[in-house]
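Presented below is the structure to which this report refers.
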Amino acid sequence: MRVDLVIEGKAYLDGRLIEAAVAIDDGVIASISSPALAPSSDERVVMRQGQIMLPGMVDMHVHLRDFSQAYKEDWYTGTLAALRGGVTLVADMPNNDPFIDSLERLMEKLEIAARKALVDFTLYCGAPKDLREIPEIRKIACGLKIYPEDYGKLLSIINHLEGDLVVVHPEDLETIMRERRLIAKPTIEDHGRIRPRIAEIRAVENMLRIAGSGRIRLHLTHLTTSDSIMMIASSKLHGATISCDATLHHALLSSDAMRRFGGIAKVNPPLRSREDADAVLNAIRLGLVDAIVSDHAPHLLEEKLRSSYDEVPPGFPGLEIYLPLIMTQIMDGVIPLKTLDLYSRRPAEILGARKGALEPGMDGDVVIVELGREHVIDPSRFASKAKYSPFEGWVVRAEVRMVFLRGVLALEDGEPRIGMGFGRHVARS
Ligand code: DOR
Ligand code: ZN
């Protein structure tokens, strides 16, 4: 056997770091062996001391914008951010302008993404306006995304779904609107009061009831409270086919960040107390959540610095820093090495993609990470158009050096080695 590429070095295999040779042929992992038994290859990469080889990371919740919001992010800058963060598959949310809720809009987005993407991608559709389009939408979208405004729509379409992935943003809108009316002129620091933890808990309760019908694979995204994480864990113990995720900002930052960063740290759901953040971090540590997501939500710095509470858009970028942050937490002993699965293997499984693990038959997506040297997170150097972060100033000790996408060197030392449009649409398998 002769293969296209062999990468040799310490590899993340089955939850451990082992000296190995990963052989890639035709874009797919052909074999994994000890270096001595590696097949001959056209190309050979031997990793240096201090480097480790990981599967390409998978981020199942990002907003890459484009359309009329290309000034905030477009599919080139957004996927360059992904590549720099060692992410080789992104699943993009439908809250574009225009909102993606029909086959036609989905096709428009597919065309833009296919033309500009550097990494592989899949797309969510919003609650479809026309139920008759669901079978066609299913062929393109990895699932549906339901926002708090659309809970009613989910009820009216659920009988047309058959085991489809439905990602829900759990925050009860009525609670939020009631709280908002109570404060005449809110400041950024009121954000957590306007969108309180009880809004999330109510929405999760509501959704768990709906998911009981078994017609959908419910996935609850960006959980922020111990109560909702416990309710979901309990539902799983009782046999429900549901999954959930958490972000690193809800695990590592607290509402203190809003005092320090103001509108930059405004995000939905809001950053919460240190206690809730610790619970989210423990949920990640114990594997009580199925995935880590960045919720990469870029806006322009000018927009984030606006003085009026209502005019500051929620969200911030994350794609470039998630893997370095996770690796650093692992090296600090805060979370186990296996946490890497939450940003690779598990989300790939949920999305039905043959990615996210170094195993024969998976796409040849490999990230070479260098460990040890300290870097300060400097958002002014982001590839994203959103050049700010509530993680600004954090010190990380892991750096993405090379990314291979389907066996092709896609990034080296921060620079792309592939062109726009190399990224491919991943359909549900
Ligand atoms: O903070 C957020 N930003 N939460 C959302 O649900 C949407 C996102 C965005 O698109 O900016
Ligand atoms: Zn989001």
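The values are calculated or read from the model by the stated rules, or taken from the named source; none is laboratory data. Keep in mind that what you see is a predicted model, and the values were worked out from it rather than measured. As a convention, Cβ positions derive from the backbone with ideal geometry for all residues, glycine included, and neighbour counts pool all protein chains shown. In case anyone asks, the SASA skips ligands and DNA or RNA and just uses the protein heavy atoms, side chains included. Shrake-Rupley method; radii C 1.70, N 1.55, O 1.52, S 1.80 Å.
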Total residues in segment 374-399, condition surrounded by fewer than 20 Cβ atoms within 10 Å (Cβ to Cβ), in contact with a Leu (Cβ under 9 Å, 6 or more places away or on another chain) and of a type in the set (S, T, N, Q): 0
Away from ligand 1 (no atom under 16 Å from the Cβ) and of a type outside the set (D, E, K, R): does that describe Gly315? no
Run Glu349 past the list (1) more than 16 Å from the chain's Cα centre (by Cα); (2) surrounded by fewer than 22 Cβ atoms within 10 Å (Cβ to Cβ) and report the number of the one that doesn't hold. (1)
Just one of (1) within 29 Å of the chain's Cα centre (by Cα); (2) of a type in the set (A, V, I, L, M, F, W, C); (3) open to solvent by 50 Å² or more (accessible area, probe 1.4 Å) trips up Met1, so point out which. (1)
Residue within segment 12-27 that is modelled with pLDDT of 95 or more, within 26 Å of the chain's Cα centre (by Cα) and farther than 25 Å from Ala82 by Cβ present: yes
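Okay, residues lined up against (1) within 14 Å of ligand 1 (Cβ to nearest atom); (2) over 15 Å from Ala410 (Cα atoms); (3) in a helix (DSSP H, G or I); (4) more than 16 Å from the chain's Cα centre (by Cα):
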site	(1), (2), (3), (4)
Ile52	no, yes, no, yes
Tyr76	no, no, yes, yes
Thr79	no, no, yes, no
Ala82	no, no, yes, no
Asp227 fails exactly one of (1) in contact with a Cys (Cβ under 6 Å, 6 or more places away or on another chain); (2) over 24 Å from Ile321 (Cβ atoms), namely (1)
Please verify whether Ile210 is within 23 Å of Ser294 (Cα to Cα), of a type in the set (Val, Ile, Thr) and not in a loop (DSSP other than H, G, I, E, B), treating the condition exactly as stated. no
Every listed condition ((1) more than 28 Å from the chain's Cα centre (by Cα); (2) open to solvent by less than 50 Å² (accessible area, probe 1.4 Å)) holds for His61 save (1)
Within segment 4-33, track down each residue that is open to solvent by 50 Å² or more (accessible area, probe 1.4 Å) and not in a strand (DSSP E or B). Asp14, Asp26
Residue count, segment 279-302 (criterion: of a type in the set (D, E, K, R) and either within 16 Å of Gln329 (Cα to Cα) or within 16 Å of ligand 2 (Cβ to nearest atom) (or both)): 2
Out of Gly86, Gly78, Gly56, report the one residue that is under 21 Å from Gly421 (Cβ atoms), within 16 Å of ligand 2 (Cβ to nearest atom) and either open to solvent by less than 40 Å² (accessible area, probe 1.4 Å) or without any contact (Cβ under 8 Å) to a residue 12 or more places away in the chain (or both). Gly78
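Restricting the search to segment 151-171, which residues are over 9 Å from Ile216 (Cβ atoms), charged (D, E, K, R) and surrounded by 19 or more Cβ atoms within 10 Å (Cβ to Cβ)? Let's see the steps before the verdict.
Just the residues of segment 151-171 that are over 9 Å from Ile216 (Cβ atoms), to begin with: 151-153, 155-157, 159-160, 167-171.
Remaining after also requiring charged (D, E, K, R): 153, 171.
Result: Glu171, single match.
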Number of the condition not met by Thr247 [criteria: (1) surrounded by 24 or more Cβ atoms within 10 Å (Cβ to Cβ); (2) more than 16 Å from ligand 1 (Cβ to nearest atom)]: (2)
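Across segment 269-294, what is the number of residues that are within 14 Å of ligand 1 (Cβ to nearest atom) and open to solvent by 10 Å² or more (accessible area, probe 1.4 Å)? Walk me through how you get there before you give the answer.
Initially, segment 269-294 is screened for residues within 14 Å of ligand 1 (Cβ to nearest atom), giving 269-272, 293-294.
With open to solvent by 10 Å² or more (accessible area, probe 1.4 Å) added as a condition, the list becomes 272.
Here the count works out to 1.
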If you take the residues in segment 194-242 that are of a type in the set (Ser, Thr, Tyr) and within 16 Å of ligand 2 (Cβ to nearest atom), which one is surrounded by the fewest Cβ atoms within 10 Å (Cβ to Cβ)? Thr221
May I ask you to list the residues in segment 111-124 that are of a type outside the set (Asp, Glu) and either open to solvent by 10 Å² or more (accessible area, probe 1.4 Å) or touching a Cys at 6+ places or on another chain (Cβ under 9 Å) (or both)? Ile112, Ala114, Arg115, Lys116, Thr122, Leu123, Tyr124
